[in-house]
Amino acid sequence: MSSRPVVAVVPAAGSGERLGAGRPKALVPVAGEAMVARAVDGLLASGSVDAVVVVAPAANLAEMRAVLPAGVDVVPGGADRVASVALGLDAVGDAGVVLVHDAARCLCPAAVTAAVVDAVRAGHGAVIPALPVADTVRRVDTAGRVVGPVDRTGLLAVQTPQGFAPDVLRRAHEAAATSPTASRATDDAGLVEAVGGEVVTVPGDPRAFKITTPLDLAMAEALVGAEVRR
Ligand code: CTP
Ligand code: MG
């Protein structure tokens, strides 16, 4: 398996409603460089990734290609993240490991990518980077009334890149395509779990946070070039 390439699918086809920048989020610059370009550069610079497929909004394919290195494949995405990843997966040829990495997690350190790839190569079918939840967590009803405590023990917040044996990810997406509930999944490991697959974790990193809101974008800009103690 080790001679077959590591291929990363980068879902970047979202509109970025919550960021509200008036353009697809992946094209929004973070300290002068488009989010998607930073995400792809980070993957390629990790030394753990051989090829990248970016999934872009159908209306912005040329704009995406213009900010990405030559050799990166750009394909049109779908109505939700699950559909976009499935379309990206269709463009992945022979691979030993498939990663799925949100364009919006554009400051993910190389070490996280390397750890995920290593764990898949070691024989795990599905690998996710994850971090302990820092906040106190409560379950509430629809009116916002607290209905009970949640024990934080054993709770982890999940990031990307997520890594998979290609057949495991393909089977999970095939099942999702025929399931009415699967499109609600917000990550690919969730689809693997839904078909009974085992998912293991490796340590995530706070810098792999997802840029969702204007506050997140400001934090990302502040992080670029900064030496920050974790
Ligand atoms: N994504 C995608 N195709 C979609 C929706 C999302 O490829 N139809 C991608 C986004 O581009 C992003 C990642 O999935 O890199 C995580 O999604 P999210 O952070 O929710 O991004 P958006 O959907 O663009 O943001 P919002 O939900 O605020 O509109
Ligand atoms: Mg979204």
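The values are calculated or read from the model by the stated rules, or taken from the named source; none is laboratory data. This structure is a prediction, so every number in the text was calculated from the model and none was measured. Here Cβ is always computed from backbone atoms with ideal geometry, including for glycine, and neighbour counts include all displayed protein chains. The accessibility values were calculated without ligands, DNA or RNA, using every heavy atom of the protein model including side chains. Shrake-Rupley method; radii C 1.70, N 1.55, O 1.52, S 1.80 Å.
Hey, how much of the P(r) for the range 163-215 falls beyond 16 Å, as a percent of Cα pairs? It would help to have the intermediate numbers written out before the result.
On the way: 686 of 1378 pairs.
The share of Cα pairs beyond 16 Å in the range 163-215 comes to 50 percent.
Once you put a point 7 Å from the Cα of residue 137 and another 7 Å from the Cα of residue 150, both along the Cβ direction, what distance in nm separates them?
0.4 nm
Charges at C-beta only: +1 for Lys and Arg, -1 for Asp and Glu. How large is the resulting dipole of the range 47-117 about its Cα centre, in Debye rounded to 20? Can you show the working numbers first?
On the way: 3 positive and 7 negative charges, 36 e Å.
Dipole of the range 47-117, to the nearest 20 debye: 180 debye.
Using a simple charge model, +1 on the beta-carbon of Lys and Arg, -1 on the beta-carbon of Asp and Glu, nothing else, what dipole does the chain show about its Cα centre, in debye to the nearest 20?
That gives the chain a dipole magnitude of about 460 debye.
Return the distance in nm (one decimal) between the two label points of a simple spin-label model at residue 90 and residue 174, each offset 7 Å from Cα along Cα→Cβ.
Output for this residue pair reads 1.6 nm.
Just to confirm, what accessible area per residue do you get for the range 6-229 at 1.4 Å probe, in whole Å²? Let's see the in-between values first.
Numbers: 10660 Å² over 224 residues.
Accessible area per residue, the range 6-229: 48 Å².
If you roll a 1.4 angstrom probe over the protein chains with everything in place, what fraction of the accessible area of the range 6-229 belongs to carbon and sulfur, to the nearest %?
54 percent
Indicate, rounded to the nearest 5 percent, the antiparallel portion of the DSSP beta bridges found entirely in the chain.
On the way: 13 of 30 bridges.
Taking every DSSP beta bridge within the chain, about 45 percent pair in antiparallel fashion.
Determine the distance separating the Cα centre of the range 20-83 from the Cα centre of the range 112-136; give it in Å without decimals.
The range 20-83 and the range 112-136 have Cα centres separated by 22 Å.
Full-extension gain between residue 218 and residue 62, please, as 0.36 nm times their residue separation minus the C-alpha to C-alpha distance.
Numbers: separation 156, 0.36 × 156 = 56.16 nm, distance 2.69 nm.
Gain on extension, residue 218 to residue 62, equals 53.5 nm.
Any chance you could tell me what percent of the C-alpha pair distances in the chain go past 20 Å?
Values: 15742 of 26335 pairs.
Here the tail beyond 20 Å accounts for 60 percent of pairs.
What does the extension gain come out to for residue 226 and residue 157, with contour length at 0.36 nm per residue minus their alpha carbon separation? Kindly include the intermediate steps, with their values, before the conclusion.
On the way: separation 69, 0.36 × 69 = 24.84 nm, distance 2.40 nm.
Here the segment from residue 226 to residue 157 would lengthen by 22.4 nm.
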